[in-house]
Structures are given as C-alpha cells and as structure tokens.
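Below: one structure, written as structure tokens.
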Amino acid sequence: MERLNQTSSVSEFILLGLSSRPEDQKPLFILFLIIYLVTITGNVLIILAIHADPQLHTPMYFFLSFLSFIDIWYTTTIVPRMLVNFLSEKKTISYAGCLTQMYFTYALGNTDSYLLAAMAYDRYVAICDPFHYVTIMSYHTCVLLVAFSCSLPHFHSLLHILLLNQLTFCNSNVVHHFFCDINPLLKLSCSSIFVNDLIIKTEGLVFWVTPFLCIVFSYVRILIAVLKIPSAAGKRKAFSTCGSHFTVVILFYGSIFYVYLQPLSSYTVRDRVATLVYTVLSSMLNPFIYSLRNKDMKRGLRKLMGRRKS
C-alpha cells in the first residue's frame with residue numbers, strides 16, 4: 001500500500017515541449033500540423049499505390065507498405081498530443097496516459113527498426129542470390145518476417161514500461177521533452193534507477209543493435225557482390241535498388257544512436273531535436289525518399305493519381 005501511495009503522488013506530468021515561449025506555440029502548431037498531414041497523406045498514398053499496382057506486389061513493396069502503415073500510427077502516438085499542448089496553457093498528460101504513449105512509441109519505433117532489417121535482408125537476397133530469390137522470399141516468409149517485426153517489439157516495450165512503473169516520482173513532474181520518453185522520465189525519479197539503466201544498456205542496446213547489425217551485414221555483402229559486377233550500368237542498377245532504403249536507415253539509426261548511446265546525465269535540448277528526426281521527420285520523409293528515388297514507385301503513384309482523376 002505504501003508503494004502505491006508513493007507512486008500515485010505524481011498523477012500527471014507536464015510536457016514542456018520544444019519551446020516554453022508563448023510566441024512560439026502557434027508557429028510550432030502550424031508547422032507540426034503540416035508535418036502530420038503530409039506524413040499521413042504521403043504514407044497512405046504509398047500504401048494505396050502498392051495495393052493498386054500488381055507490379056508492386058513484390059516482397060520489397062510488401063515490407064514498404066507495412067512500414068508506411070506503422071509510420072502512420074507511430075507519428076499519431078506523438079504529434080496529436082504535441083498539437084494539443086501547443087494550444088493549451090496546461091500542458092499535462094496523465095500518469096497512465098504517459099506510460100501508454102511511451103509503450104506505443106517504443107513498440108512502433110522498434111517495429112520500424114525490424115522492418116528496415118527485413119527490407120535489408122530482402123535486398124541482400126535479391127542482389128546476392130537472385131536465382132533463389134522467389135523461393136527464399138516467398139509470401140509465407142514475408143508474412144513471418146512482418147509478424148515477427150510487429151510482435152517482438154511489444155514485449156520489449158512492455159518490459160520497460162513495467163520497470164518504469166516500479167519507480168516513484170515524488171519530486172518534479174516536469175518532463176523536458178515533447179513526449180513521454182524514457183530518459184527524461186528516469187531523470188525525474190526519486191528512487192533508484194539502477195535496474196532500469198542496466199536493462200537499457202543491455203537488453204535495450206541488444207534489441208536496437210541487432211537489427212542494425214543485420215542491416216550492416218546485408219549491405220556489406222551487397223557491396224561485395226556489386227563490386228564484382230563488371231559493367232558500370234549493372235552496378236548503378238544494383239545500387240539504385242538499395243539507395244532509398246539505405247538513406248532511410250542512415251536517417252533513422254543515426255538519430256537514434258545519437259540520442260541513446262550517451263550517458264543519461266548528458267541528456268539535453270539537442271537530444272530533443274535529434275529525437276524529432278526518428279520519431280516525426282523520418283516518418284514524413286520516407287514516402288518522399290522511396291517515391292523520388294524509385295521508378296517503380298513513381299509509376300505506381302502516377303497510376304493511382306490517374307485513377308483518382310478518371
């Protein structure tokens with residue numbers, strides 16, 4: 001009972017957001033409303049284009065459609081709350097609401113990570129073992145990879161939420177962030193965070209780094225295979241099939257490692273900006289990156305737009 005009373009001493013958190021200055025709130029609201037609408041529209045168009053064009057019914061675009069679907073919900077767990085807080089004087093979120101937001105943010109963010117690894121594996125098979133591509137990347141295999149990518153992150157997220165729920169928050173309830181992220185919340189705890197920090201540096205690190213290492217391994221093998229192609233045109237074609245995905249990987253993982261591979265005590269405003277990259281901006285930019293650098297995707301979008309007009 002004593003534990004429950006200590007934990008419930010903080011019933012809500014105050015999200016300071018990106019700026020505490022009143023004159024910044026409306027411009028930030030307009031900016032992130034535009035970003036949110038562009039994100040939703042772009043990812044929905046990607047899904048519809050892939051669904052409508054039979055030539056895009058391949059493993060690569062199967063994974064891309066799920067990535068776009070997850071990105072829609074990933075952004076939705078964060079941006080609507082930001083928009084409300086921009087126009088609200090009381091920028092609060094309930095204790096339960098904070099943990100719920102954190103759960104889905106981590107679950108969906110990790111799902112993105114594993115889907116990017118699945119897409120890298122698909123490109124590896126396509127370039128390094130093209131004669132067995134259809135057999136290896138069968139529909140059954142793709143479904144299993146997506147199921148694994150979408151289910152495992154929920155267990156990871158649940159573990160961190162359960163551990164966080166064991167902490168007491170009896171001092172400040174002001175979160176120096178625009179959403180409920182684990183590092184700013186740990187800094188508010190007045191109980192020991194040794195176990196939480198240990199889990200982040202062990203299980204959390206392994207969970208994030210494993211798909212990244214799979215991507216690195218895939219691209220090393222792809223690079224070796226491409227360098228063996230005699231013609232320059234063949235090399236360009238091989239690289240073009242990976243360019244979009246590689247750009248997304250650099251954007252996504254670069255910002256994540258910048259934020260989380262540093263001591264908790266050094267968490268600053270710059271980390272909030274870096275967090276924006278992998279939580280909000282990457283979801284908005286993914287449709288542009290995959291469509292502008294991909295001829296098949298451009299064709300699919302043109303067909304979709306043509307159908308809408310007719």
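The values are calculated or read from the model by the stated rules, or taken from the named source; none is laboratory data. Since the structure is predicted, the reported quantities are computational estimates derived from the model, not experimental observations. Cβ placement follows ideal geometry from the backbone for every residue including glycine, while neighbour counts extend to all protein chains displayed. What goes into the accessible areas is simple: the full protein's heavy atoms, side chains included, and nothing from ligands, DNA or RNA. Shrake-Rupley method; radii C 1.70, N 1.55, O 1.52, S 1.80 Å.
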Lysines with Cα under 24 Å of Lys303, excluding same-chain neighbours fewer than 8 positions away: Lys237, Lys295
Give, in nm to one decimal, the length gained when the segment between Leu144 and Lys237 is fully stretched (0.36 nm per residue of separation minus the Cα-Cα distance). 30.6 nm
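Would you kindly work out the equivalent ellipsoid of the range 152-228 from its C-alpha gyration tensor and give its semi-axes, the square roots of five times the eigenvalues, largest first in whole Å?
Numbers: eigenvalues 262, 34, 20 Å².
Over the Cα atoms of the range 152-228, the ellipsoid semi-axes are 36, 13, 10 Å.
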Which whole-Hz couplings ³J(HN,Hα) result when phi for each residue of the range 246-254 is put into the Karplus expression 6.51 cos²θ - 1.76 cosθ + 1.60, θ = phi - 60°, listed in order with x for Gly and Pro? 5, 4, 5, 4, 4, 5, 6, 6, x
Tell me, in nm to one decimal, what length is gained between Leu33 and Val216 on full extension, where the rule is 0.36 nm per residue of separation less the Cα-Cα distance? 62.4 nm
Each residue of the range 187-194 in turn: what ³J(HN,Hα) in whole Hz from Karplus with 6.51, -1.76, 1.60 and θ = phi - 60°, glycine and Pro shown as x? 5, 8, 5, 9, 10, 5, 10, 4
Among Leu276, Tyr139, Val259, pick out the residue whose Cα is farthest towards the positive end of the charge dipole of the range 12-305, where Lys and Arg carry +1 and Asp and Glu carry -1 on C-beta, about the Cα centre. Tyr139
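What's the ranking of 155-165, 52-62 by average number of surrounding C-beta atoms within 10 Å, highest first?
For the peptides 155-165, 52-62, the packing ranking is 52-62, 155-165.
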Among Gly17, Thr39, Tyr103, the residue whose Cα sits farthest towards the positive end of the charge dipole of the range 1-108 (+1 at Cβ of Lys and Arg, -1 at Cβ of Asp and Glu, taken about the Cα centre) is Gly17
Once amide H atoms are built 1.01 Å from N in the peptide plane, which residues 5 or more positions from Gly17, or in another chain, come under 5 Å H to H? His177, Phe178
For the range 12-305, the per residue accessible area (1.4 Å probe, Å²) is 47 Å²
By how many degrees, between 0 and 90 and to the nearest 10, does the Cα long axis of helix 205-227 differ from the longest principal axis of the chain? 20 degrees
Could you give the angle, 0 to 90 degrees to the nearest 10, between helix 59-76's Cα long axis and the longest principal axis of the Cα atoms of the chain? 20 degrees
Rg and Dmax in Å for the chain, alpha carbons only: what are they? 21.2, 72
Return the single residue from Thr247, Thr135, Thr75 with maximal mean-square fluctuation; model: Gaussian network over the chain, springs between Cα atoms under 10 Å. Thr135
Need one number: nm distance between label points at Cys128 and Glu203, each 7 Å from Cα along Cα→Cβ, rounded to one decimal. 3.1 nm
Have a look at Leu198, Asn294, Leu28 and report the one farthest towards the positive end of the charge dipole of the range 12-305, computed about the Cα centre with Cβ charges (Lys/Arg +1, Asp/Glu -1). Asn294
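Nothing charged except the Cβ atoms of Lys and Arg (+1) and of Asp and Glu (-1): what's the magnitude of the dipole of the chain about its Cα centre? Round to the nearest 20 debye. Present the calculation step by step, with values, prior to reporting the outcome.
Working: 25 positive and 15 negative charges, 272 e Å.
That gives the chain a dipole magnitude of about 1300 debye.
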Expected 222 nm ellipticity per residue - DSSP helices of 4 or more, -39500 (n - 2.57), all of the chain, to 500: -24000 deg cm²/dmol
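Between His57 and Lys303, take the C-beta separation as r, use R0 = 22 Å, and let me know the FRET efficiency to the nearest 0.05.
Details: r = 13 Å, r/R0 = 0.60.
Calculated transfer efficiency: 0.95.
Report, to the nearest whole %, how much of the accessible area of the chain belongs to carbon and sulfur atoms, 1.4 Å probe, protein only. Could the numbers behind the result be given before it?
Details: 10780 of 15370 Å².
Carbon and sulfur atoms account for 70 percent of the accessible area of the chain.
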Using a 10 angstrom cutoff on alpha carbons, build the Gaussian network for the chain and name the most mobile of Val175, Val280, Val134. Val134
Quick one: angle between helix 282-292 and the longest Cα principal axis of the chain, in degrees between 0 and 90, rounded to 10, please. 10 degrees
